Amino acid sequence: MALTVTVVITVILCSLTILFSYHYVKRTFDSIDRVLDSVLARNAELSLEAAADSRLSKLAHKAVKIIKMNTMDISQTKQEKEIIQSFISDMSHQMKTPLSGVAMYTDLLLEGSITEDERQEFLSRIKMGTEKLQWMMDSLVKMSRLEIGAIELFPVPAGIKQTISDSISTVYGAAAKKSVSIQTAYFEDIPLLHDLKWTTEAITNILENAIKYSSPNNEINITVEALPIYTKISITDYGIGIAPDEWNSIFKRFYRGQNAKDVEGAGLGLYLASLIFQKQSGYILVDSKPGQYTTFSMFLQNCKK
């Protein structure tokens, strides 16, 4: 009799264990199924009836991380796609004018019913258009290679005086053609951490910008001021100026100021200059008063003593 009772109790316990295990396993698999559904639906709001330190809770936390990482990747991809589309649209817009000009003057030349003076004028305009397109293509290649890191800058301790002098030499012809003088205040040569080639190009871009927006027979002033951590190189022109609400926008690629529409340009020079300085832990600031002056202040790191 006792043996029979023991067997019955054992069978009941086994049945209960199996039943409990079945419900536990079913509940566990249901929870896992909900986690996987949330991952597929990219829903980070998971709710599991599980203890904070349970395996299901750990699974839920990992699933949330996967969902957030996936969402971030999708968002980043979408953002990059929008940037590329915007870039292509801006580039197409900037190239449209010189391309249209080249096509129009080429057609006029092919017609043949023009004077010699007109022929020379049209050839000159075609040359100007192709030079602008070439400059834009060169700038776009530099910009894209700098952005993706295909071009590396190598800042080294070097005197800034020679870098500034090389930049002035590059724009001397353009300044002389417009009768714009470039005045540099005396300063002691300062060794700064900078990539000589690319810093020269960035300063050249700022100087070209200053010459472009200066009125004829004017001047541009350059000053250098040593600060505790950085050295400030300032270039001031006395041209059309920039409105304060545009100060943050002028360093964006392809941006043209509202009062610069009648001046030739593609909106790449300042963007490239800013990018070059950022690549060597420097930066550029602007201060301007429309109709009076514009000062671009470039900051490069001092060499450690």
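Quick check: from the Cα gyration tensor, does segment 162-233 come out rounded (a/c under 1.5), prolate or oblate? Show your work: numbers first, answer last.
Working: a/c = 2.36, a/b = 1.71, b/c = 1.38.
Note, shape of segment 162-233 comes out prolate.
Using the count of nearby Cβ atoms within 10 Å as a rough guide to exposure, how do 189, 117 rank from fewest to most? Don't jump to the answer; show the numbers that get you there.
Numbers: 189 12, 117 8.
Lowest to highest Cβ neighbour count: 117, 189.
Within 10 Å of each residue's Cβ, count the other Cβ atoms and sort 154, 122 from fewest upward.
154, 122
What distance in nm separates the simple spin-label points at residue 278 and residue 172, each placed 7 Å from Cα in the Cβ direction?
3.4
Fewest first, what order do 156, 286 take by the number of other Cβ atoms within 10 Å? Write out the running numbers ahead of the final one.
On the way: 156 11, 286 18.
Ranked by crowding around the Cβ, least crowded first: 156, 286.
What pairs from 177/279; 212/304; 96/212 go past 27 Å between their alpha carbons? Each step should come with its number before you reach the end.
Numbers: 177/279 33 Å; 212/304 37 Å; 96/212 21 Å.
Too far apart for the 27 Å limit: 177/279; 212/304.
Considering only DSSP beta bridges where both residues belong to segment 159-248, give the percentage that are antiparallel (nearest 5).
Taking every DSSP beta bridge within segment 159-248, about 65 percent pair in antiparallel fashion.
Every number in this text was worked out from the coordinates using simple rules, so none of it is lab data. All values derive from a computational prediction rather than experimental measurement. We place every Cβ from the backbone using ideal geometry, glycine too, and count neighbours over all the protein chains shown.
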